[in-house]
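Comments concern the structure below.
Here, each number is a calculation from the coordinates, and none is a lab measurement. Computed from a predicted structure; not experimentally measured. Cβ coordinates were reconstructed from backbone atoms using ideal geometry, including for glycine residues, and neighbour counts include every protein chain displayed.
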Amino acid sequence: MKQIKVLGSGCKKCTKTADSIERIAHDQGVEVTVTKETDVQVIMSYNVMSTPAVVIDEKLVHSGSIPHTDQIIEWLSK
């Protein structure tokens, strides 16, 4: 099971990112745990300057925008 964190302030883009990951994972049959991290100190510990950002299994894979569906599918297939 992949552990996925969506880093951000809880804004609409951050919420949409988390929802998209959960939906696509379900559609792909991939088990994931998606958590939303809003603590600025935690976000900064990943060296993220622009949100939303996505961390999968403690590795930063994306920041600064809502990821495209193709990107999410690629992350889930690894």
Could you run through segment 52-78 and say how many residues are closer than 15 Å to G10 by Cα and under 10 Å from the mean Cα position of the chain (by Cα)?
5
Give segment 3-24 a look and list any residue that's under 15 Å from V55 (Cα atoms) and touching a helix residue (DSSP H, G or I) at 6+ places or on another chain (Cβ under 7 Å), or say none.
I4, V6, L7, G8, S20, I21
I need a count of the residues in segment 52-74 that are without any contact (Cβ under 8 Å) to a residue 40 or more places away in the chain and either within 14 Å of S20 (Cα to Cα) or not basic (K, R) (or both).
8
